[in-house]
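Worksheet for the structure shown next.
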Amino acid sequence: MKVILNSKQIERILMDLTSRIISDTPKDLDIAVIGIRSRGEVLAQRLSKSLSGKLGRDIPCGTLDITLYRDDLNSPHGVAQPQVRTTEIGFDVDDKIIVLVDDVLYTGRSARAAMDALIDLGRPRAIRLAVLVNRSGREFPIQADYAGFQSDAAPDSLVQVNLIESDGKDEVTIG
């Protein structure tokens, strides 16, 4: 496994994403951050905290479980029963700019599932996708609005995001 991002690089990327989101969002509009379970959730919490600090107001943060929206839920190739967890969004998504956060954007399937889940919760003004790592290999026409790092990982490689909150360290590896 080769480390492609260390903790300082991840921190810098999150600060850059914060600045880019702020510069793209009109000050008079409500913004909220929602992370896709599980590592998108952690990144969303960090991003929400950073945005709140820079904007001087509380930016709500929620967590979205996309298990039931996945297109491979009933796949004959699946071996394990999926674990459905809770969606925890303690605010109304209507008319807000939602920054949807995930760790890696690869095929676009998770982002599509997340958008379907969000639309079932209400009618956001806009959904913007922010990812830590963007890699090629889209199967759906979905692109990140905010991408921290562009990976040239081969289709058969694994990009693994580790975060202190869930894995005891901040790093991104490829292997």
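Here, each number is a calculation from the coordinates, and none is a lab measurement. Source: prediction; values computed, not measured. All Cβ positions, even for glycine, are placed from backbone atoms using ideal geometry, and neighbour counts span all protein chains on display.
Once the C-beta distance of Ala126 and Gln83 is scaled by a Förster radius of 25 Å, the resulting FRET efficiency is 0.25 to the nearest 0.05. Among Thr87, Thr107, Thr25, the residue with the largest mean-square fluctuation in a Gaussian network model of the chain, with springs joining Cα atoms closer than 10 Å, is Thr25.
Between Thr107 and Ile164, the modelled label-to-label distance comes to 3.3 nm, taking each label 7 Å out from Cα in the direction of the beta carbon. Largest GNM mean-square fluctuation across Leu47, Leu163, Leu14, computed for the chain with C-alpha springs under 10 Å, falls on Leu163.
How would you classify the range 117-175 from its alpha-carbon gyration tensor, with a ≥ b ≥ c the square roots of the eigenvalues: rounded for a/c under 1.5, else prolate if a/b is greater than b/c, otherwise oblate? Cα axes put the range 117-175 in the oblate bin. Modelled spin labels at Phe91 and Leu55, positioned 7 Å past Cα toward Cβ, are 0.6 nm from each other.
Take every DSSP beta bridge whose two residues both sit in the chain, then give the antiparallel share in percent to the nearest 5. Provide the component values of the computation, followed by the final result.
Values: 8 of 30 bridges.
DSSP beta bridges in the chain are roughly 25 percent antiparallel.
Dipole orientation for the chain: of the candidates Gln45, Gln143, Ile4, Ile4 has the Cα lying most toward the positive pole (charges on Cβ; Lys, Arg +1; Asp, Glu -1). Taking the Cα atoms of the range 87-155, the ratio Rg/Rh between the radius of gyration and the Kirkwood radius comes to 1.00.
Roughly how many debye, to the nearest 20, is the charge dipole of the range 23-175 about its Cα centre, given +1 on each Lys and Arg Cβ, -1 on each Asp and Glu Cβ, and no other charges?
Numbers: 18 positive and 24 negative charges, 41 e Å.
Computed charge dipole of the range 23-175: roughly 200 debye.
Direction-averaged projected area, Cα convex hull, the chain: 10.3 nm², rounded to one decimal.
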